[in-house]
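> Structure incoming, see below.
The values are calculated or read from the model by the stated rules, or taken from the named source; none is laboratory data. Remember, predicted model here, so these are calculated numbers, not experimental data. Cβ: placed from backbone, ideal geometry, glycine included. Neighbour counts: every protein chain shown.
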Amino acid sequence: MMSIHNTFETLNPRPDYINRVLPFIDKPVIKVITGMRRSGKSSFLHLIRKHLQSKHKVPDKNILYVDKESLEFDAIRNYSDLNKLVLDKFKKCSGKCVVLIDEIQEIHDWEKAVASFLKNKIADIYITGSNARLLASELATLLSGRYVEFPIYPLTFSEFRTFRQKATGRTDTIEYDFSIFMKYGGLPGLHHFELTGNTIEQYLNSVINTILFKDIIQRHSIREPSQLENITRFMMDNCGNITSARRISDYLKSQKFSFAPDRVQAYLGYLEQAFLIKKVRRYDLKGLRHLESLDKYYLGDIGLRHGLIGYRDSGISGVLENIVYLELLSRGYSISIGKQDTFEIDFIASKQNERLYIQVAYLLAAEKTIEREFRSLEMIKDNYPKIVLSMDTLQPEDRKGIKWMNILSFLTEKPVFQS
């Protein structure tokens with residue numbers, strides 16, 4: 001089986017990502033690649049290095065790659081260590097010089113060194129990080145206005161199929177591949193293994209434990225790790241549901257744990273910062289404003305749910321919503337939950353002057369389900385495209401300009417909807 005780095009670099013199955021970075025190569029801004037651990041940031045950084053070598057003819061001696069998950073760079077603990085390493089490396093550098101740093105949040109006060117590199121035009125700089133708040137807070141101070149962020153998400157379903165076919169040589173049906181994708185998600189590292197049985201569950205469990213320990217418990221000095229796990233389990237079991245800190249606090253109380261809503265809210269913030277969960281705000285289409293309460297949360301990768309609480313058919317509607325949400329993020333949309341009087345719209349997806357309204361359902365088997373899903377979109381009076389997605393194979397009739405589409409087609413065909 002081909003290694004993940006080789007698979008990633010040989011196939012380049014994520015051209016949208018590399019195309020987003022290309023305009024900023026060799027420009028005086030820091031390229032910041034963010035995302036959850038094991039989502040593909042390191043492989044993407046290798047792909048950038050390969051592109052610089054092959055397309056921009058940067059010699060290997062002019063590239064410094066610092067991998068903070070490698071013991072080779074364990075001694076690089078703070079900004080002073082990093083500054084010395086870079087200056088020593090490029091003391092006699094001629095031509096274009098490049099610095100790539102993977103998991104930069106492991107270097108204390110790293111932003112001081114990086115700001116200096118940029119100011120003194122030492123090198124073209126690319127960094128990755130696995131903590132949203134750490135990067136946001138530091139970049140907002142010393143590096144304000146001098147960086148561009150590129151979020152990396154786990155594999156979409158189309159990318160998952162490309163990886164799987166390359167790694168195994170198999171060409172299974174799209175339905176079979178999707179059944180696996182719903183269980184195991186889109187972490188690229190999955191494709192080191194056969195996608196069956198206990199091995200995958202152990203891998204997913206080890207990933208989520210690493211994130212909880214390194215990015216939350218250690219970083220925030222959590223004294224109640226069992227409560228963090230309880231909250232994480234709750235979020236995994238309620239993806240796509242309207243959730244509040246009060247509701248989680250009440251749930252913990254019913255399980256004989258006392259945990260105040262403000263402490264729950266803090267832990268939810270830590271999970272967000274580590275990209276394990278993503279909060280989506282609700283938007284009042286009538287009042288034209290975001291609402292201040294009752295947000296929805298989705299998982300940064302749906303497979304981690306299986307790794308922590310196991311796969312449950314009863315939660316398939318939330319899983320499908322989560323998959324569509326991550327697909328929209330990967331396509332560059334910003335997303336809100338819509339509210340129109342007493343009706344709810346699953347997703348309002350916006351990008352530049354483009355907007356798309358989406359309802360997601362498992363099956364439109366009952367007339368009342370069809371009525372509910374289409375009626376919510378009928379309440380919206382603008383002319384932007386509106387679509388209902390489901391797993392049905394027989395197409396329901398379009399209603400009042402509202403289209404239906406099979407979820408698998410939506411995930412693989414990337415249609416362009418005309419308003």
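> Before we move on, is Ser314 assigned to a loop (DSSP other than H, G, I, E, B) and either modelled with pLDDT under 95 or surrounded by fewer than 18 Cβ atoms within 10 Å (Cβ to Cβ) (or both)?
Values: assigned to a loop (DSSP other than H, G, I, E, B): no; either modelled with pLDDT under 95 or surrounded by fewer than 18 Cβ atoms within 10 Å (Cβ to Cβ) (or both): yes.
Judged against the criteria, Ser314 is not a match.
> Among strands (runs of 3 or more DSSP E) lying entirely in region 9-106, which contain 3 or more residues that are within 23 Å of Leu329 (Cα to Cα) and in contact (Cβ under 8 Å) with a residue 40 or more places away in the chain?
On the way: elements: 30-34, 63-67, 98-102.
Counting at least 3 such residues, we get 30-34.
> Would you confirm whether or not region 161-183 contains a residue that is in contact (Cβ under 8 Å) with a residue 12 or more places away in the chain and assigned to a loop (DSSP other than H, G, I, E, B)?
no
> Out of region 107-125, which residues are of a type in the set (D, E, K, R) and assigned to a loop (DSSP other than H, G, I, E, B)?
The answer is Asp109, Lys121.
> Another one. What's the number of the condition Ile217 fails, among (1) surrounded by 20 or more Cβ atoms within 10 Å (Cβ to Cβ); (2) under 27 Å from Tyr267 (Cβ atoms); (3) modelled with pLDDT of 95 or more?
Only one criterion is unmet by Ile217, namely (1).
> Can you tell me which condition Ile370 does not meet? The list is (1) closer than 20 Å to Lys403 by Cβ; (2) modelled with pLDDT of 95 or more; (3) of a type in the set (A, V, I, L, M, F, W, C), and all the others hold.
Unmet condition: (2).
> Continuing with the same structure: List every residue pair whose Cβ atoms sit under 9 Å apart, with the two residues 6 or more apart in sequence or on different chains, where the first one lies in region 344-356 and is of a type in the set (Lys, Arg) and the second, anywhere, is at pLDDT 95 or above and assigned to a strand (DSSP E or B).
Correct list of pairs: Lys351/Ser334; Arg355/Ile348; Arg355/Ala349.
> Oh, and also: Test of understanding: among Ile180, Ile248, Ile242, Ile222, which residue is over 23 Å from Arg312 (Cβ atoms) and of a type in the set (A, V, I, L, M, F, W, C)?
Of the residues listed, the single one that is over 23 Å from Arg312 (Cβ atoms) and of a type in the set (A, V, I, L, M, F, W, C) is Ile222.
> Return yes when Lys368 is farther than 21 Å from Ser293 by Cα and surrounded by fewer than 21 Cβ atoms within 10 Å (Cβ to Cβ) and no when it is not.
Yes; evaluated as a whole, the condition is true for this residue.
> Here is a list of conditions, (1) within 17 Å of Tyr298 (Cβ to Cβ); (2) in a loop (DSSP other than H, G, I, E, B); (3) charged (D, E, K, R), and Glu344 meets all of them except one; can you say which number that is?
Status for Glu344: all satisfied but (2).
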